[in-house]
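What follows is one structure encoded as structure tokens, with my remarks underneath.
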Amino acid sequence: MKQRPQVVIDTNLVLSALVFSGGRLTPLRLAWQTHRVQPLVSPATAAELIRALSYPKFKLTSAEQEELLADYLPYCKTVRIPTPPPPTSTCRDVFDVPFLELAIAGKADALVTGDKDLLCLDGSLACPILTADQFFNAIGIAHLPP
């Protein structure tokens with residue numbers, strides 16, 4: 001993989017890396033903070049992250065939500081999805097399609113996810129679809145035990 005791969009990271013992994021500091025996905029957060037990876041976002045994936053941060057289960061104030069977004073979005077490269085969007089493989093979950101479109105339009109080096117609906121599509125994109133652990137191994141980042 002490239003020196004600084006451009007990656008699509010699904011919302012659940014970004015949330016875990018941001019909300020559970022010191023958790024098993026902390027290396028992912030450190031990877032974007034230290035410019036080891038370049039996360040890609042689209043307006044749709046950024047909107048999903050913003051929406052997810054407001055879920056009551058996280059009990060985050062507006063200020064805390066803004067602080068977490070400020071620890072992610074400035075490190076990201078925004079990709080505009082063309083109209084019409086690029087064709088994607090059929091996905092069981094319609095809410096995963098924006099991540100596939102982003103990976104294609106952004107010419108991502110990897111799509112990193114824990115979502116089985118996306119993982120089962122590995123091989124259908126120009127880039128691999130990897131779990132966080134597979135991604136850590138691919139770029140040589142030590143990861144924390146579960």
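Since every read-out is calculated from the coordinates, none of them should be taken as a lab result. Just so we're clear, the structure is a prediction, and the values are computed from it rather than from any experiment. When we count neighbours, we look across all protein chains shown, and the Cβ atoms used for this are built from the backbone with ideal geometry, even at glycine.
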**Request:** Using θ = phi - 60° and the Karplus relation 6.51 cos²θ - 1.76 cosθ + 1.60, list the HN-Hα couplings for the range 94-102 in order, rounded to whole Hz, with x at every Gly or Pro.
**Result:** 4, 6, 8, 4, x, 6, 5, 4, 5
**Asked** Can you give me the pair-distance distribution of the chain, C-alpha pairs, 10 Å bins, whole percents?
**Response** 11, 44, 36, 8, 0
**Item:** Distance cut-off 14 Å, percentage of C-alpha pairs in the range 67-146 lying past it
**Value:** 67 percent
**Request:** Just flag the GluC sites (Glu not before Pro) in the range 41-86 sitting in loop per DSSP whose Cβ has no more than 13 other Cβ atoms within 10 Å.
**Result:** none
**Prompt:** Normalised by the residues of the chain, what does the relative contact order come to in percent, with Cα pairs under 8 Å and at least six apart?
**Reply:** 31 percent
**Prompt:** Are any of the pairs Lys77/Lys107; Lys77/Lys116; Lys2/Lys77 more than 23 Å apart by Cα-Cα distance, and if so, which?
**Reply:** Lys77/Lys116
**Prompt:** What percentage of all Cα-Cα pairs in the range 1-83 are separated by more than 22 Å?
**Reply:** 22 percent
**Fill in**
HN-Hα couplings for the range 76-89 via Karplus (6.51, -1.76, 1.60; θ = phi - 60°), in whole Hz with x for Gly/Pro, come out as 8, 9, 7, 10, 7, 7, x, 10, x, x, x, x, 10, 5
**Prompt:** Whole-Hz Karplus ³J(HN,Hα) for the range 41-47, in order, using 6.51 cos²θ - 1.76 cosθ + 1.60 and θ = phi - 60°, x for Gly and Pro?
**Reply:** 9, 10, x, 5, 6, 5, 5
**Message:** Please compute the length gained on full extension between Asp122 and Lys57, using 0.36 nm multiplied by the number of residues separating them and subtracting their Cα-Cα distance.
**Reply:** 20.3 nm
